[in-house]
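Notes to accompany the following structure.
What follows is calculated from the coordinates using simple rules that are stated; it is not laboratory data. Everything quoted here is computed from the prediction, not taken from an experiment. With ideal geometry, Cβ positions are generated from the backbone for all residues, glycine too; neighbour counts draw on all protein chains shown.
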Amino acid sequence: MSDVIMSDVWYYKILYIFSALLTRAFFCTRLNWRHNACRQYPKIISATIMQIRHDYIRHQPLTTIFGCCKSYIMEREINFMREAIELGRQGMLNNAGGPFGCVVVKDGAIIGRGWNRVTSDNDPTAHAEVTAIRDACKNLQTFQLEGCEIYTSCEPCPMCMGAIYWARPSKVYYSSGRNDAAAAGFDDSMIYEELTIPVANRKIAMHCLIPEKGNILFSEWIKKDNKTAY
Ligand SMILES: [Zn+2]
């Protein structure tokens, strides 16, 4: 958009300012429809003026309009993320576990909710993403989440990434990053590193025993007629 240079013609500037104001006000009013739009108007106008000034200095007059459109488009996703964060907060306040929440969305509706329940359920696998996936699959009566979106309050750990890949949703949104989690005492960098080094060098010893016997199971699976592949 840097090639869009604001003209020196005065009426162009005025037209631009009014159109930017109207566009932002329109989208922001719709964004804040449920949060008393009138009270938001002074904030919207002042934010718009600041944005216009910023755009004018940088000769990017269309940034405001495109920015507003983008915010409007993402508002649906942002609301789902807020729900995921709130689930994490409630779980934490109720001492269910760590500050992590997650929702699974299909066709614009939440069909699964989860929060960290590691310490309350004595379950090290009860991360928010895993509990949300279990809830969604139970509600949908399926073991795949195709066409679903996952909103999680923090970037998934390696275990949850595995669960997500097995569940096969179409998209994942996360709020905090892994470094933010590490700063709060939830450092999963060790697991990420473990996955990149040879099995023999990993911290938890792994030994292969009678593989020929274990492989018989696969032979039986391949021959099995009434199976549900996944
Ligand atoms: Zn996890």
Tell me which aspartates and glutamates have Cα within less than 20 Å of K203's Cα, excluding those fewer than 8 residues away on the same chain? D187, D188, E193, E194
I204 paired with N79, simple spin-label distance in nm, labels 7 Å along Cα-to-beta-carbon: 4.0
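What are the GluC sites (Glu not before Pro) within segment 94-186 that DSSP puts in a loop, where the Cβ has at most 12 other Cβ atoms within 10 Å?
Hits after loop and neighbour filter: E146.
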Considering only DSSP beta bridges where both residues belong to segment 73-230, give the percentage that are antiparallel (nearest 5). 70
List M159, M81, M206 from most exposed to least, where exposure is judged by having the fewest other Cβ atoms within 10 Å. M206, M159, M81
Filtered hits (aspartates and glutamates, Cα-Cα < 15 Å from K171, offset >= 8 within chain) -> E77, D107, E129, E146, E149, E155
Rounded FRET efficiency, nearest 0.05, which uses the C-beta distance separating R168 from S219 and R0 of 45 Å: 0.95
So what is the relative contact order of segment 120-206, in percent, for Cα pairs below 8 Å that sit 6 or more residues apart? 25
Sorted by Cβ density within 10 Å, fewest first, the residues L93, L209, L87: L209, L93, L87
Just want the answer: with Cβ charges of +1 for Lys and Arg and -1 for Asp and Glu, which residue in M159, F218, V172 is farthest toward the dipole's positive end in segment 158-230? F218
